[in-house]
Amino acid sequence: MLRYFTAGESHGEALIAVLSGMPAGLKIDQALIDRELWRRQQGYGRGGRMKIERDTAHILSGVRHGMTIGSPISIELENRDWKNWQESLPVEEGDPGRHKRVASPRPGHADLAGALKYNFPEARYVLERASARESAARVAIGAIAKLFLRELGIEVLSHVVAVGCVTVQNGVSWEKIQALSKRSEVLLNCADLENEQEMKEEVDKVLKTGDSLGGVFEVVAHSVPPGLGTYAQWDERLDALLAAAVMSLQAVKAVEIGSGVTAAASPGSAVHDEIGYEKPANLSGFTRTRNNAGGVEGGVSNGEEIRVRGYLKPISTLRRPLRSVDFATRQPVSASYERSDVCVVPAAGVAAEAMVALTLARCALEKFGGDSMGETLRNYQGYCEQLKSY
């Protein structure tokens, strides 16, 4: 099974990501990993931290001579801001007088819940781990999952559907999403240039008022074969795994697969994707007139594009803070302020690409197995032949 976890704090020395279970013999493209990290740092509305960090992946283990070797892959991402925090957050005891307290919890953040859970007198340690800075580590290992999926002909990308009240009204084709990913400069990662400009204006408005802005991103997985995931057990359903993976990202408060939200208020005849047959239209020959299911039916991929949307709440750190309570005195005060972004919807989409890629890679390895890429690809090709002859 493909397993992964991350470690590290927002202002600590580094982030660490570990990926275990990747077959041997996968060619690793360092430039692709670093570009994914660069994409995560882009977007209109990002804060000052992005001017400090220049994320690059330092692979410590599991890759030799440019290829995976079957052992766990570990990646280090240096936090350049550490030099400004090493006296405030030392590993050793250090000087308590240099500690930078988060004296009042921010509404919408993990500050208060985390402090209560771990019995901290204030929220500095909660902030350090709960921060979305952690998602950079996921993007690094997600890039390796993307390289694996490419060997199976599968691509994963994202685009922004909405920022604040500005929404793209029509569906966006795979070709337009591909073109977005190749931009040398990222604004709001929206395929509709007119809508993107309106989104920028929304960000400018909240920037002036000291507020923050959320939105919606969509992750699309292209050329996914039918048969990933299963209906046989609740915790192995592909839609459940995708929803959990995207929901686990900081600030995501809802996940939609296909047209799930509008489908709830529509009749079945307007929702379900009618089936046709046209050999050799694809591996199985079965076709759909539309893709309201978002590529997943009954917990199993059905051969259509997988489309997953994440609904991102506004960042909880505001330059004009909301009301809160001082941890020590319990008296009313303004919530603490930490340097932060105004809008992170494009960056969240890139992080979600990583989570979708890791989920699909896990399901693919569970189905096709293989300790080496040669073995995995033989098994996959055999399955493709099975679909063609169905």
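Tell me, please, whether a residue that is small (Gly, Ala, Ser), surrounded by fewer than 21 Cβ atoms within 10 Å (Cβ to Cβ), without any contact (Cβ under 8 Å) to a residue 60 or more places away in the chain and outside any helix (DSSP H, G or I) can be found in the range 69-86.
Yes.
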Mind listing just one residue for me: the one in the range 135-156 that is touching a strand residue (DSSP E or B) at 6+ places or on another chain (Cβ under 8 Å) and basic (Lys, Arg) and, of those, farthest from residue 351 (Cα to Cα)? 146
If you go through 89, 116, 60, the only one that is free of Cβ contacts under 8 Å to residues at least 40 places away in the same chain and surrounded by 13 or more Cβ atoms within 10 Å (Cβ to Cβ) is 60
Does residue 298 satisfy being surrounded by 19 or more Cβ atoms within 10 Å (Cβ to Cβ) and at pLDDT 95 or above? no
Among 375, 385, the single one that is out of contact with any helix residue (DSSP H, G or I) (no Cβ under 6 Å at 6 or more places or on another chain), closer than 15 Å to residue 225 by Cα and assigned to a helix (DSSP H, G or I) is 385
Give me the pairs, please: first residue somewhere in the range 193-207 and aliphatic (A, V, I, L, M) and surrounded by 17 or more Cβ atoms within 10 Å (Cβ to Cβ), second residue anywhere and in a helix (DSSP H, G or I) and at pLDDT below 95, beta-carbon distance under 6 Å, and either six or more positions apart or on two chains. none
Sole exception among (1) buried (at least 18 other Cβ atoms within 10 Å of the Cβ); (2) within 25 Å of residue 33 (Cα to Cα); (3) small (Gly, Ala, Ser); (4) in contact (Cβ under 8 Å) with a residue 40 or more places away in the chain for residue 212, by number: (2)
Close pairs from the range 319-336: first within 21 Å of residue 119 (Cα to Cα) and of a type in the set (Gly, Ala, Ser), partner modelled with pLDDT of 95 or more and in a strand (DSSP E or B), Cβ under 8 Å, at least 6 apart: 324/332; 324/333; 324/334; 335/323; 335/324; 336/324
Collect the residues in the range 119-163 that are surrounded by 21 or more Cβ atoms within 10 Å (Cβ to Cβ) and among the small types (Gly, Ala, Ser), keeping them in residue-number order. 123, 135, 136, 137, 140, 142, 143, 145, 158, 162
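Please pick out the residue among 69, 28, 73 that is more than 28 Å from residue 196 (Cα to Cα), out of contact with any helix residue (DSSP H, G or I) (no Cβ under 7 Å at 6 or more places or on another chain) and among the β-branched types (Val, Ile, Thr).
The conditions single out 69.
To keep it simple, each residue is scored yes or no on (1) at pLDDT below 95; (2) under 30 Å from residue 182 (Cβ atoms); (3) surrounded by 23 or more Cβ atoms within 10 Å (Cβ to Cβ); (4) touching a strand residue (DSSP E or B) at 6+ places or on another chain (Cβ under 7 Å).
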site	(1), (2), (3), (4)
292	no, yes, no, no
310	no, yes, yes, yes
321	yes, no, no, yes
324	no, no, no, yes
333	no, no, no, yes
352	no, yes, yes, yes
358	no, yes, yes, yes
362	no, yes, no, no
386	no, no, no, no
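The values are calculated or read from the model by the stated rules, or taken from the named source; none is laboratory data. Quick caveat: nothing in here was measured; it's all calculated off a predicted structure. Methodologically, a virtual Cβ is constructed for each residue, glycine included, from the backbone with ideal geometry; neighbour enumeration extends over all protein chains shown.
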